[in-house]
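FYI, it's all coordinate maths here, none of it is from the lab. Since the structure is predicted, the reported quantities are computational estimates derived from the model, not experimental observations. Cβ atoms come from the backbone with ideal geometry, glycine included; neighbour counts cover every protein chain shown.
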Amino acid sequence: MNQSDIQAMNELKMLSIDMINKAGSGNPGICLDMSAVMYTLFAKVANVYPKTPNFFNRDRIVLSSAHIAPLYYAMLYMAGYPISKEDLMNFRRLGYSTPGMPELNNPSGVDSSTGIAGDGVGNAVGIALGRRYIEQLIKKEDEKLSLFDFTTYCFISDADILSGASEESFSFAGVQRLENLLFLYDANEMMAEGPMNQVSIEDVAKRFQNKGFYVDSLKDSSNIKEIARALESAKKARKPALIIFKNIIGKDSFNAGKNIVHSGALSFDDVSALKRKYNLFLPPFEISKDSILHIETQINARTTKLKKRFDELYARAKNINSSFLNNLLSLLENASFVSDFDSSNYKINDGYRESLVESNYKVMNLIAPRTEFFVGGSASLSLSCQTLIGGANYQESANPLARNIRFGSRERAMSYILNGMSLLGLRVFGSTKLAFASEMISGIRQSALMNAAVTYIFTHDSIYNSEEGPIRMAVEQLSMLRLIPNFTVYRPADIMELMGCWETILQNARPSALVVSTNSIPKLPGSNAKEVKKGAYIIKREVQKLDGILIATGSEVVSAMQIAFDLQKNGIDLRVVSMPSLDTFLLMGSTYIEQILPKNIKTAVIEAGKEDLWYRFATNEDYILSISDFAYSGNPLEVLQKMEFDYDSLKLKIENLMK
């Protein structure tokens, strides 16, 4: 191997060890055994642009094995990215762009927030799927435009190989035959608890070949020339690729091959021995100018011509008279999704009545023709959830421009893949029944952490679908979703609020959940799509004097309004507040909140879910009419009566409270 390569690679690995030792924590094992792979990827193969790190046709690099972060940060620094020596010296400290686990764009060069086994795998698959979709959109306009043809690399570990979430994503990638998607597997066969063979004895290569992957395996993971050959060969495969690097964890350290080197700083003697072995005598955090120049020269030689060619194609695309291309370029450059969906353009007859699931299908198919950047799918429930766009065309390698994605029963993978797609600026959605939301909670948290514009559509809410039994009746899921920071939950009451929810979702690049009922619901008098953006509003005002307030969400608003009309005949004058988004309402400020919910007025809440989050509004716990336990199997009306949540029971409780 070239001596300059060896010198730069050794400086890279020791720089990452310096970071871990100063922080007192981190994973030195992977930094030592994968340093040659990291170095080769950046110096020899990947199309990266350190001076313009967010260039949208750059190769994407995802760290599903997130404990490789210090090696990655050190590589970014040596390659010339905007990351400082002070950042490296303050690894894992507040205020520096070197967090313990990778965080999106922190520092520039990090393409996804990862840290849970399998999440990065799904992100990488989603990026590759989104790339294929956008690339084909461009080629539909002009076959010669190659504006979006990058490769996605994903570092994975034994934990990713074992993860159920990553297994779902790997399987999906194989079915889709996703090209330009490379997984770089650190097969050191030593987990934090001990040897890999104590928890798995499968043949990983055969497993991935059976999924339709191109598979290569390197016994010597320190040979830069062989690593470069393997990477280039995998890029040419017309399918997803897995390269297995047979490594010894913590190679060259005193504890090489032992799980003890999986985490924690190395001893002073160990570090000194490593530096003697590598013939390095620079102080900690010092890198030779020759090594930095050697890396930058190689990257520039590879990417300068590519960038020039891209700029020529980009200029040509700008001159093409195409509103679609203009919107696409704006999307890619600024992640500026544009939709002209306006709820006020649609008039709904007063006699309108159907399930919100059916209404949602219609609204989604009003949105879809207005933008080709609206795409998504379901975890094998698109027919039940009614979330198909257009007809029944599904996206696959032979039909990459279809708008519907068939994820199969892979809820966890679906959430991670959608997150990856959203990183390219697409507005994506995924649907399943609300009871299955907990299957994808980790992916939803990742959406919130990255502020990924993913919309999760959950149907079959609460206890109304009781024939399928309590296992499929969501009681606690609404509260669970509402507790996630930076995540907006919408539960519309009728078609008008549903349109308002979509209008708000499309105008805001934020993660959200849209919870829609399968109940048949009329258009409600007083319902207002434009008020949804405030989170709550008065859907029925008191007639003369305000005796009390009923707050409700979703289909329970129908019951609340009927109760208010019925009790009005008995001299009880009630205001009804529809609250399609509790968390949005809380952001409106005290003036608006008190305008809707004045103090010292009896206030009751009706929602077919857990009561925990409603204490802030209700007069006391007796004024929260909710579902505090799992439901029962049986006829819906019988179950509602058993749980005292049928109309007559609710009306009687409210009447007694408000008298």
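Ranking SER65, MET1, ASN54 by how far each Cα lies toward the positive end of the dipole of region 1-118 (charges on Cβ) leaves ASN54 at the top. Every Cα-Cα pair in region 533-658 was counted, and those over 18 Å apart are 51% of them. Computed from point charges on the beta carbon alone (+1 for Lys and Arg, -1 for Asp and Glu), the dipole magnitude for region 343-522 about its Cα centre is near 420 Debye. For SER479, what charge total do you get from the other residues with a beta carbon under 10 Å from its beta carbon, if Lys and Arg give +1 and Asp and Glu give -1? Once all neighbours under 10 Å are counted, the net charge is -2. Neighbours of LYS225 by Cβ distance under 12 Å: Lys/Arg scored +1, Asp/Glu scored -1, total -2. A crude spin-label estimate for the pair ARG472 and ASN54, with each label 7 Å from Cα along the Cβ direction, gives 4.5 nm. Could you tell me the center-to-center distance, by alpha carbons, between region 404-453 and region 547-561 in angstrom? Here the two parts' Cα centres lie 31 Å apart.
Computed over region 395-495, the convex hull of the alpha-carbon atoms projects to a mean area of 7.5 nm².
Each label was represented as a point 7 Å from its Cα along the Cα-to-Cβ direction; for GLU141 and GLU354 these points are 3.4 nm apart.
Ordering ALA205, TYR153, ASN180 by the projection of their Cα atoms onto the charge dipole of region 3-303, which places +1 on the Cβ of Lys and Arg and -1 on the Cβ of Asp and Glu, puts ASN180 at the extreme positive end.
For region 343-522, what class follows from the C-alpha gyration tensor (a ≥ b ≥ c being the square roots of its eigenvalues): rounded when a/c is under 1.5, otherwise prolate if a/b is larger than b/c, else oblate?
Rounded, since a/c falls under 1.5.
With both labels modelled 7 Å from their Cα along Cα-to-Cβ, the GLN595 to LYS225 distance reads 7.5 nm.
For the chain, what is the charge dipole size about the Cα centre, in debye to the nearest 20, if Lys and Arg each add +1 at the Cβ and Asp and Glu each add -1 at the Cβ?
For the chain, the charge dipole is close to 1720 debye.
Under 25 Å of direct C-alpha separation, and excluding same-chain neighbours fewer than eight residues apart, LYS653 reaches these lysines: LYS540, LYS545, LYS569, LYS599, LYS602, LYS610, LYS642.
Each of SER628, ILE417, ALA165 was placed along the dipole of the chain (beta-carbon charges, centred on the mean Cα), and the one lying farthest toward the positive end is ILE417.
With R₀ fixed at 41 Å, the C-beta to C-beta distance from GLN507 to ALA315 puts the FRET efficiency at about 0.85. In this Cβ point-charge picture (+1 for Lys and Arg, -1 for Asp and Glu), region 3-303 has a dipole of about 560 debye about its Cα centre. Among the chymotrypsin sites (Phe, Trp or Tyr not before Pro) in region 269-336, those located in a DSSP loop and surrounded by at most 11 other Cβ atoms within 10 Å of their own Cβ are PHE281.
The slack between ASN334 and ASN620, meaning 0.36 nm per residue of separation minus the straight C-alpha distance, is 98.2 nm. Classified by the C-alpha gyration tensor, the chain has a prolate form. Its axis ratio a/c, with a ≥ b ≥ c, is 1.5 or above, and a/b is larger than b/c.
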